[in-house]
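The structure appears right after this line, and notes come after that.
The values are calculated or read from the model by the stated rules, or taken from the named source; none is laboratory data. A quick note: this is a predicted structure, and the numbers were derived from the prediction, not measured. So basically every Cβ, Gly included, is an ideal-geometry build from the backbone, and we count neighbours across all protein chains shown. Calculation scope for accessible area: heavy atoms of the full protein, side chains included, ligands and nucleic acids excluded. Shrake-Rupley method; radii C 1.70, N 1.55, O 1.52, S 1.80 Å.
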Amino acid sequence: MRFVSIASGSSGNCIYAGTENTHILIDAGISNKRIEKGLNDIGVKGSELNGVFITHEHSDHVKGLGVLARKHGVPIYATKETLEEIGEMKSLGEYPRELLHPILPDVEVKVGDMDIKPFSIDHDAANPVAYRISSGRRCAAVATDMGHFDSYIIEHLQGLDALLLESNHDVRMLETGPYPYYLKRRILSDHGHLSNDNAGRLLNYILHDNMKHIFLGHLSKENNYEELAYETVKLEIDQGDHGYCSRDFSISVAGRDVMSEIVTI
C-alpha cells in the first residue's frame, strides 16, 4: 500500500492511499487541477479513483469534490449528516447525487482490496470522522480536525504502519496572534483542532516498533510553522514514558503546497 499527502493544511487537504488495484482519496479540499496533478505525479489517473472518503464538510476538505465527481464519476463516502451538508453547498455545483454513499462510524467499508474504517472525532461539523485504511496486514490512518483525543481515538490508532496526524497550532502563537477571541476559543475547544503538544502526547500512546512513518498535518498558516510543529512533537516523544526516542521514527511535516514523500508499506 502507498500513502502520500497531496496537500495538508488549513487551506486544503487531500491524502492518497492505494494499492496496485485500488486507489482512494481522503478528502478533496484543493482544486481538482491540483488533485489530478498530485495523482499523476504518483502514476495514478483521476479516472482510476475508486472512491473519495470525506472527513467532514468544511471547504478545506471538499473544495475539489464537485469537479472530481462530475469529471470522473468517483463515488463519495461520508456520514449521512456530512453528505447532507455537502448537498447544500452550491459552490460544488451540480453532480450526480447517486455518487453519494452514506457510511457509519465504526462500520468498515470495503473498496477493492482495501478496507476503510471511519471512526468518530470531535470537531465543529455535522458528524465528522477520521479514517483507518487497511490492505492485508498493512494499515494507515488520517486523523485531523479533532479538538482532543481520548481512549476511543487511541484504540483506533493502534498498530499503524503510517499515520497523518493533525498538528494544527502552537497554543502560544494562537493565544497571542491576530485571530478574534471567539475563533481562538473555537480552535482551543474540545471541538476545535489538535495542538502541536497534544499531537505529541497522542503519539506517545500509539508508538510501536513497526511504525514506518508519521506525517504531521493540517498546520495552521497563521498559528504554526513546520519547524515548530516538528520540534514540539519530537520533544513530547522524547519526554514520554514509553522507552522510545523521536529519532526511532521517521517523522516529517506534510506540506500545504507540496506533496509529501510517498510511503510504501
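Residue-wise test of (1) within 25 Å of Glu166 (Cβ to Cβ); (2) in contact with a Lys or Arg (Cβ under 8 Å, 6 or more places away or on another chain); (3) surrounded by fewer than 23 Cβ atoms within 10 Å (Cβ to Cβ); (4) of a type in the set (Phe, Trp, Tyr).
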| residue | (1), (2), (3), (4) |
| --- | --- |
| Asn21 | no, no, yes, no |
| Arg34 | yes, no, yes, no |
| Lys63 | yes, no, no, no |
| Lys80 | yes, no, yes, no |
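Of all residues in region 36-46, none satisfies being out of contact with any Phe, Trp or Tyr (no Cβ under 8 Å at 6 or more places or on another chain), modelled with pLDDT of 95 or more, open to solvent by less than 10 Å² (accessible area, probe 1.4 Å) and not in a helix (DSSP H, G or I). Sub-8 Å Cβ pairs linking a first residue in region 142-167 that is on the phi > 0 side of the Ramachandran plot and surrounded by 16 or more Cβ atoms within 10 Å (Cβ to Cβ) to a second residue that is among the aliphatic types (A, V, I, L, M) and not in a strand (DSSP E or B), at least 6 apart or interchain, are Asp145/Ile121; Asp145/Ala125, ordered by first then second residue. Every condition in (1) over 21 Å from Ala141 (Cβ atoms); (2) hydrophobic (A, V, I, L, M, F, W, C); (3) open to solvent by 40 Å² or more (accessible area, probe 1.4 Å) holds for Val107 except the one numbered (1).
Pairing each residue of region 66-87 that is in a helix (DSSP H, G or I) with any residue that is acidic (Asp, Glu) and crowded, with 17+ Cβ neighbours inside 10 Å, provided the two are 6+ apart or on different chains, yields C-beta distances under 7 Å for Thr82/Glu57; Glu85/Glu57; Ile86/Glu57. Checking the structure you have, find out if any residue of region 232-251 is in contact (Cβ under 8 Å) with a residue 12 or more places away in the chain and within 14 Å of Gly9 (Cβ to Cβ). No, the conditions are met nowhere in region 232-251.
With farther than 30 Å from Lys33 by Cβ and open to solvent by 30 Å² or more (accessible area, probe 1.4 Å) as the only criterion, which of Asp197, Asp248, Asp257 stands out?
Asp248
Of the residues in region 120-127, not one is on the phi < 0 side of the Ramachandran plot, open to solvent by 10 Å² or more (accessible area, probe 1.4 Å), out of contact with any Pro (no Cβ under 8 Å at 6 or more places or on another chain) and not in a loop (DSSP other than H, G, I, E, B).
For His101, the conditions (1) outside any helix (DSSP H, G or I); (2) open to solvent by less than 40 Å² (accessible area, probe 1.4 Å); (3) not aliphatic (A, V, I, L, M) are fulfilled apart from (2).
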